[in-house]
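Undergrad: This is the structure I have questions about; it appears just below.
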Amino acid sequence: MSQKKVTILIPCYNEEASLPALYEALCKLMAENSNYEWEILMVNDGSRDNTISMIKELRAKDRRICYVDLSRNFGKENAMLAGFDNATGDCMVIMDADLQHPPHVIPEMLKKWEEGYEDVYGKRLTRGKESWLRKQVSLLYYRLLQKSARYDILPNVGDFRLLDRKCIDELKKLRETERYTKGMYAWIGFKKASVDFETQDRVAGESSMSYSALVHLAAAGITSFTVAPLKWSIFIGILASIAAFAFMIYILVNTLIYGDPVAGYPTMMTVILFLGGVQLLSLGIIGEYLGKIFNETKGRPAYVAREIAKNNQE
């Protein structure tokens, strides 16, 4: 009976300092679990340092190392799609290159997979060295997403997970360029199980995820999997209209009964600015969805690969 093959997908962006420790940890993992055939698939997402050179050096001495070198930085979501397209394993484990996702948890994921689970996700017990504000905003975002989306998108669950070949093949079919993979995991379904882990500190370097990038990812998550913001804008518009109508009735009655003059400049400006703000908010929400439609109608590929090296290549 042939060995089952496990692909480890690692998106890399400026991870030159992390790769030596990562490779050492993966070698230990593979040596301790030699009952599987291993493939380490690294996707270089347009790194500006020597990441791709180091990946090529690792492949020169270990043919289990494979890589996809993207022509520029397309973002982690699209880099993962490049991994889905090129993974050859019976299952695939997605993890970060900075070792915040501990490799020693992977055997536990494989055990769950052997039990019949098709999507084994790592659930963070802690969030590592993360600021209090960033943690609270993240938790608030997930609560908002859970209430608005029709799918169960779990908090404290990221991309560290094991996916069966069936899951990989379905994710490959989802070709939208505005991607939110965490929502896609929920959308495709399949039998899921969790494995708890402690988030580790980065072995080197700093996170490339800025607050602006996190805001963009959060907006992509909400607008990709729910039209709730459009419904919110309708609700806000109705409330604003009711408030404006009630205020108009108040001014009319007050003038007829007490003979007071109609409210002057301050009141008028307040009403105009309030209604104008509501209109701009609604237009902004509509514009976000129109922008997604615009990007998708172009039909451009999600990524462009400069070079691909896989196990069946010399």
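Just so you know, all these numbers are worked out from the coordinates, no wet-lab data involved. Worth saying up front: this structure is predicted, and the values here are computed from it rather than measured. When we count neighbours, we look across all protein chains shown, and the Cβ atoms used for this are built from the backbone with ideal geometry, even at glycine.
Undergrad: Could you line up Ser34, Ser241, Ser282 from fewest to most neighbouring Cβ atoms inside 10 Å? Walk me through the numbers before you get to the answer.
TA: Values: Ser34 9, Ser241 12, Ser282 18.
Fewest to most other Cβ atoms nearby, the residues stand as Ser34, Ser241, Ser282.
Undergrad: Using the number of other C-beta atoms within 10 angstrom as an exposure proxy, rank Phe235, Phe190 with the fewest first. Kindly include the intermediate steps, with their values, before the conclusion.
TA: Details: Phe235 10, Phe190 13.
Neighbour counts put them in this order, fewest first: Phe235, Phe190.
Undergrad: What pairs from Lys28/Lys123; Lys5/Lys76; Lys111/Lys192; Lys76/Lys182; Lys76/Lys172 go past 18 Å between their alpha carbons?
TA: Numbers: Lys28/Lys123 23 Å; Lys5/Lys76 24 Å; Lys111/Lys192 13 Å; Lys76/Lys182 12 Å; Lys76/Lys172 15 Å.
From Lys28/Lys123; Lys5/Lys76; Lys111/Lys192; Lys76/Lys182; Lys76/Lys172, over 18 Å: Lys28/Lys123; Lys5/Lys76.
Undergrad: Quick check: net charge around Ile52, other residues with Cβ under 15 Å of its Cβ, Lys/Arg +1 and Asp/Glu -1?
TA: Working: positive: Arg48, Lys56, Arg59, Arg72, Arg306; negative: Glu15, Glu16, Asp45, Asp49, Glu57, Asp69, Glu307.
Overall, the nearby charge balance is -2.
Undergrad: With θ taken as phi - 60° and the coefficients 6.51, -1.76 and 1.60, list the Karplus ³J(HN,Hα) couplings across the range 275-292 in order, rounded to whole Hz; mark glycine and proline as x.
TA: Residue by residue, the range 275-292 yields 5, x, x, 4, 5, 5, 4, 5, 5, x, 5, 4, x, 4, 5, 5, x, 5 Hz.
Undergrad: Could you please tell me the mean projected area of the C-alpha convex hull for the range 28-134, averaged over all directions and given in square nanometres to one decimal?
TA: On the way: hull surface 34.3 nm².
Projected area, direction-averaged: 8.6 nm².
Undergrad: May I pose another question? Give the long-range amide H neighbours of Ile8: residues separated by 5 or more places, or on another chain, with amide H under 5 Å away, using H modelled in the peptide plane at 1.01 Å from N.
TA: Close amide H contacts, sequence-distant or interchain: Glu39, Ile40, Leu41, Val93.
Undergrad: Further, regarding this structure: Any chance you could run the full-extension gain for Ser34 through Thr88? It's 0.36 nm times the residue separation minus the Cα-Cα distance, nm to one decimal. Display every interim value, and only then the final one.
TA: Details: separation 54, 0.36 × 54 = 19.44 nm, distance 1.76 nm.
Length gained between Ser34 and Thr88: 17.7 nm.
Undergrad: All other residues with a Cβ under 12 Å from the Cβ of Arg165 taken together, and with Lys, Arg as +1 and Asp, Glu as -1, what is their net charge? Walk me through the numbers before you get to the answer.
TA: Values: positive: Lys4, Lys5, Lys166, Lys172; negative: Asp90, Glu118, Asp119, Asp164, Asp169, Glu170.
Net local charge, Arg165 excluded: -2.
Undergrad: Any aspartates and glutamates with Cα under 20 Å of the Lys173 Cα? List them, leaving off those in the same chain fewer than 8 positions away.
TA: Output for Lys173: Glu77, Asp85, Asp90, Glu118, Asp119, Asp159, Asp164, Glu296.
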